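No lab work stands behind these numbers, since they all come straight from the coordinates. Predicted, not measured: the structure shown is a model, and the values here were computed from it.
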Amino acid sequence: MNCPRDGSVLAQAHVLGIELDKCHACDGLWCDRGELERLRDAKLTEVEEAIERKYGSPKPLPGEVAGHMRCPRCGDARLLSYRYTYVSPVTVDRCERCHGIWLDKGELSAIVGEKKALDQAVEPGRLAAFLRAMGRLVSGDK
Ligand SMILES: [Zn+2]
Ligand SMILES: [Zn+2]
């Protein structure tokens, strides 16, 4: 497969047991359907360390391709901008056909970091109290 952004050949990358396709030129990552969800549940530092240890530091991006990118797996299918969000939005490029997701440099960190921030913001005790309060509202009790 080739990078939808710059046309470089994508290399197979094994990150935390998940097989991804990585562009060495722009540091982008291709995730097949469902792979992003698995990565998202991993800790940010583990993902970053695994990538850095295996592939080294990223190189600067020479320039962006104008217009819609094409899916590296489907070929002619377009990648459409797609908001992937927990609290603050991260825009990723998603294939309209196979639902694979292209992550530009930094977008994976943003998505995983967002999840981590949310986990830390909601303490178990507070979440339980919130759910009990919601339950009371729903059932009508005081
Ligand atoms: Zn690239
Ligand atoms: Zn596709």
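Remarks
- Here's how it looks for residue 24: its modeled amide H is under 5 Å from those of 11, which are all 5 or more places away or on a different chain.
- Residue 15 long-range amide H proximity, modeled H, under 5 Å: 20
- Amide H contacts under 5 Å for residue 2, placed H, 5+ residues apart: 10
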